[in-house]
Amino acid sequence: MSDSVATNSSERIRSLEELARCTDYSFVESLRADPQAREGGQDHDPRQVFSGHFVPVTPTPISDPKYVAHSESLFAELQLDDQLATHPDFMRIFSGDLSQAPELIRKAGWATGYALSIFGREYYQQCPFQTGNGYGDGRAISVLEGVFAGQRWEMQLKGGGRTPYCRGGDGRAVLRSSVREFLAQEHMHGLGVPTSRSLSLYASRDETVRRPWYSEGSFSYDPDRMGLETVAISTRVAPSFIRVGQLELFGRRARKGEHPEALNELEMLVLHLIDREYAGEIESHLPLTEKVLKLAELFRARLTSLVANWIRVGYCQGNFNSDNCAAGGFTLDYGPFGFCEQFDPNFQPWTGGGEHFALMNQPIAAARNYQMFLVALLPLVAEDEDALEKLQALYTGFSTVMEEKMEAMWLSKLGLLEFNKALVDELLALMTATPVDFTKFFRALSDIPEDIGALEVSFYVSASQQGVSEQLMQRWDAWLAQWHSLIGERAVTDGTAAITQQMRAVNPKYILREWLVVPVYQAAYNGNYEPLRQLQTVMNDPYAEQSAEIEAQHDRLKPEQYWGLGGVSHYSCSS
């Protein structure tokens with residue numbers, strides 16, 4: 001694959017014709033289409049897909065689209081002029097209509113199948129045919145791949161209509177979930193967490209779909225009403241959208257010999273993944289077995305770093321199945337995600353989830369996904385006993401690497417140079433018992449306070465309100481004294497100002513709290529997008545000390561009225 005197509009660094013792409021010249025469809029040109037695909041991408045009904053890496057599908061445009069938002073920072077990285085976001089031709093393509101695209105832009109997109117495993121166990125019942133051959137991109141359709149400023153990106157419409165994998169669904173996304181994902185992806189990028197990105201968001205002026213959700217003021221655990229919601233299409237961008245579940249599907253077909261080309265198709269996909277995501281780290285001249293082993297090692301490093309980063313910022317993926325795990329090692333699929341406010345090791349915002357995907361259990365969930373990643377690769381090295389032993393050793397060593405990444409993360413958050421397990425364990429116990437706001441606590445700690453009073457801004461019930469026992473406060477005092485003694489050793493050489501600066505660089509001031517997002521998408525339903533853009537600006541710069549007005553509005557403990565509120569404290573993944 002060639003990455004030679006790029007724009008001059010001093011120029012901006014200002015038209016679709018210029019955008020089209022950056023296209024380079026490596027996925028569809030290097031891999032195989034489903035041989036049973038329907039001509040022209042008119043493939044919108046649920047069916048089984050038995051082979052091939054993708055199905056050509058034309059998106060279903062949303063009716064009468066209007067501009068909601070775009071990412072100025074991502075546009076700048078791609079060298080796209082901001083005015084493109086509101087240009088009718090650009091809006092047409094990224095709201096699902098490829099029919100009038102310039103010649104170099106394909107008139108059909110593509111959807112991919114994948115398998116599903118949950119916590120290391122294969123599942124078939126989510127497939128309507130009970131075979132696993134009907135599960136995949138039910139409403140996500142990639143429409144463009146190209147090289148922009150020397151970097152390869154794939155652009156995918158979420159909510160772009162039905163595909164053969166839609167399982168009877170309507171293929172649509174609603175404005176509520178689209179706003180959440182749009183904001184979250186760019187916020188995570190601002191937090192320094194590897195992630196897919198948000199390009200644009202458009203909503204229909206008149207198209208609606210019916211979805212279950214929560215009545216206003218409802219404390220119901222599950223959605224308690226059905227309502228009409230505005231249809232929207234967001235475009236998410238990533239180096240590729242290859243998932244662990246995708247590798248699983250092809251690994252399973254090869255393992256079971258489901259068709260004559262199954263093993264070859266697995267090899268093609270794995271080599272394409274290496275080319276797209278690991279080309280700079282895996283030399284092209286290596287034999288296949290060595291490439292597979294290096295891929296397994298590199299993915300382990302990325303996945304463990306990713307999960308440590310998630311916990312660093314209090315992010316819970318909520319539904320960390322293998323199909324929601326990017327093989328490139330970044331955050332993908334913002335469905336039932338959430339950011340922890342009151343610290344709870346078992347924080348899980350999704351009503352359909354469980355403790356196995358809770359905040360502090362994410363390292364274990366990652367290990368299960370890594371296990372399925374390795375299982376998918378096994379057919380490629382099945383005859384090589386040495387390679388099989390090395391893959392087993394990589395899996396066995398996952399917990400050690402994960403622990404090392406977690407220890408390094410805690411060191412950075414606490415400003416320390418040497419890991420002290422007892423100190424961290426006691427802190428987590430105190431934060432749970434008190435209770436404490438995860439983000440506000442570590443930001444306040446970054447200022448290296450002299451006494452516990454300065455940290456009480458993060459307490460949901462303060463000692464002055466007699467909500468924290470004297471015994472608990474004594475434990476806090478003892479913990480802070482121990483931490484101070486360790487920080488003091490470092491301060492001798494580095495100085496406290498340097499330590500504060502380092503801690504503030506990893507402990508954000510602002511986090512995407514759900515009660516901040518809800519009024520934003522509610523305003524968007526009424527055609528007011530200004531609150532969304534304001535929140536976007538704040539959350540894209542989460543480590544900065546911003547204005548006093550912004551701090552007063554966004555740097556707050558969760559207000560009492562939102563505790564237990566459906567759609568805020570907990571929510572289904574209805575979208």
Check the straight Cα-Cα distances from Lys405 and name the lysines below 17 Å, setting aside those fewer than 8 residues away within the same chain. Lys413, Lys421
Potential extension, Leu298-Gln48 segment - 0.36 nm per residue separation minus Cα distance: 86.7 nm
If you stretched the chain out fully between Ser30 and Asp64, how much longer would it get, using 0.36 nm times the residue separation minus the C-alpha to C-alpha distance? 8.7 nm
Computed from these coordinates, which is Kirkwood radius over Cα pairs in Å: (i) 25.7; (ii) 24.2; (iii) 24.9? (iii)
Could you let me know the centre-to-centre spacing of the range 187-260 and the range 536-575, using Cα atoms, in angstrom? 21 Å
Could you compute the FRET efficiency for Glu418 and Arg533, with r as their C-beta to C-beta distance and R0 at 45 Å, rounded to 0.05? 0.55
Selected from Thr400, Ala238, Trp479, residue furthest toward positive end of dipole (the chain; charges at beta carbon): Ala238
Between the residues Gln125, Thr500, Leu288, the Cα farthest towards the positive end of the dipole of the chain, that dipole coming from +1 and -1 charges on the beta-carbon of Lys, Arg, Asp and Glu, is from Gln125
Interchain or long-range residues, amide H under 5 Å from Gly132's placed H: Cys127
At 0.36 nm per residue, and after removing the present C-alpha to C-alpha distance, how many nm does the segment from Glu290 to Leu472 gain when stretched out fully? 60.1 nm
Please sort through the DSSP H helices of the chain and keep those with an alpha-carbon extent of at least 20 Å along the long axis and a Kyte-Doolittle average not below -0.5. 175-191, 262-277, 288-312, 362-377, 398-414
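What FRET efficiency would be calculated for the residue pair Ala481, Phe219, taking the C-beta separation as r and a Förster radius of 51 Å, to the nearest 0.05?
Plugging the Cβ-Cβ distance into 1/(1 + (r/R0)^6) gives 0.80.
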Using all C-alpha to C-alpha distances in the range 435-504, build P(r) with 10 Å bins and read off the rounded percent in each one. 20, 50, 25, 6
Within the chain, what percent of beta bridges assigned by DSSP are antiparallel, to the nearest 5? 90 percent
27 Å Cα-Cα reach of Lys158 towards lysines, excluding residues that sit fewer than 8 places from it in its own chain: Lys66, Lys107
Looking at the P(r) of the range 266-412, how many percent of alpha-carbon pairs lie beyond 26 Å? 28 percent
Based on Cβ point charges of +1 for Lys and Arg and -1 for Asp and Glu, what charge dipole magnitude is obtained for the chain about its Cα centre, in debye rounded to the nearest 20? 1120 debye
Determine, for each peptide in 192-201, 254-263, 297-306, the mean count of other beta carbons within 10 angstrom over its residues, then list the peptides with the highest first. 192-201, 297-306, 254-263
Distance from the Cα centre of the range 470-516 to that of the range 47-122, in angstrom? 43 Å
At q = 0.14 Å⁻¹, base-10 log of I(q)/I(0) for the range 514-562 (Debye sum, equal scatterers on each alpha carbon): -0.38
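Since every read-out is calculated from the coordinates, none of them should be taken as a lab result. The shown structure was predicted, so the numbers you read here are calculated from the model rather than taken from an experiment. Cβ coordinates were reconstructed from backbone atoms using ideal geometry, including for glycine residues, and neighbour counts include every protein chain displayed.
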